[in-house]
1. For the subset of the stretch 108-122 comprising residues that are among the hydrophobic types (A, V, I, L, M, F, W, C) and under 15 Å from Pro15 (Cβ atoms), which member is farthest from the chain's Cα centre (by Cα)?
2. Does the stretch 73-90 hold any residues that are in contact (Cβ under 8 Å) with a residue 12 or more places away in the chain, of a type outside the set (Val, Ile, Thr) and within 23 Å of Glu156 (Cβ to Cβ), and which are they?
3. Considering (1) buried (at least 19 other Cβ atoms within 10 Å of the Cβ); (2) over 13 Å from the mean Cα position of the chain (by Cα), say which one Thr160 fails and leave the rest.
Amino acid sequence: MVKVILFDLDGTLLPMDTEAFVENYIKELAPRVAHIIDPKKFVQALWAGTEAMIKNKDHQKTNEAVFEETFLSLIPVTKEEIWPTLDAFYEKVFPGFSHMSEPTPLAKEVVEEAVEKGYRVAIATNPVFPRAAINHRVNWAGISHIPFELVTVYEESVYTKPHTEYYKHICDQLEVNPDDCLMVGNDKQEDMSASAIGMKTYLVEGHVIDRGAPQFTIDDNGTLEDFYEDLKNGSGVFQYS
């Protein structure tokens, strides 16, 4: 029985070409640290820090701590020297990237319907970005007013997708069992891996990401509009909720 709905953000509630978005993000960010560090070295350290977060399974370290540890070890500057520039970027420049997404009013309708029907809701986006960047994207999606019980951000998360530990940690934070949860997302590996611990899954079509392997159980699939209709009518994956 579904009690909690976990929504992915990019490509799900916020339609976008994630690869193009990240490419533009790096392209805009790198030159802004040129007065501090060579942009090429910065980008290399940025990707290394991101990879370290994705691989990390040390439950005693947040993703933020893992990123900082790796990133700062690869650049010849201190956190105090570079972080103010990065913070300013997320505050002043990042909001302008909204044109790289395709917000739909349906996202607001879907989440409001879920809340109206009594489901607990959370944003389960891959927590490799700071809270500021994720909050901006939640705002672009038009759902910043929703009382989400949890939004996974890198300051507080200790795992990333597609690790099952990421989903287990969410369950621990919400004090629910995996089989009480439905993971809604567009990524066949990162989002559908939730099925490996017993969560139900719904693949949102439109911006599907599929790396080929591994493949996980998909309980239902369709467009965001299809999901909305099932949610309203208690059909599909909600038939027994």
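1. Val110
2. Passing the criteria: Leu86, Asp87, Phe89, Tyr90.
3. (2)
Each row is one residue, and each column tells you yes or no for (1) in contact (Cβ under 8 Å) with a residue 24 or more places away in the chain; (2) under 18 Å from the mean Cα position of the chain (by Cα); (3) open to solvent by less than 40 Å² (accessible area, probe 1.4 Å); (4) within 17 Å of Asn177 (Cβ to Cβ).
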| site | (1), (2), (3), (4) |
| --- | --- |
| Ser195 | yes, yes, yes, yes |
| Met199 | yes, yes, yes, yes |
| Leu203 | no, yes, yes, no |
| Ile209 | yes, yes, no, no |
| Pro214 | yes, no, no, no |
| Asn221 | no, no, no, no |
| Leu224 | yes, yes, yes, no |
| Tyr228 | yes, no, yes, no |
| Leu231 | yes, no, yes, no |
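The values are calculated or read from the model by the stated rules, or taken from the named source; none is laboratory data. Being a predicted model, the structure only gives us computed values, none of them experimental. Neighbour counts are summed over all protein chains in view; Cβ atoms, including those assigned to glycine, are modelled from backbone coordinates with ideal geometry. Surface accessibility is based on the protein's heavy atoms, side chains included, excluding ligands, DNA and RNA. Shrake-Rupley method; radii C 1.70, N 1.55, O 1.52, S 1.80 Å.
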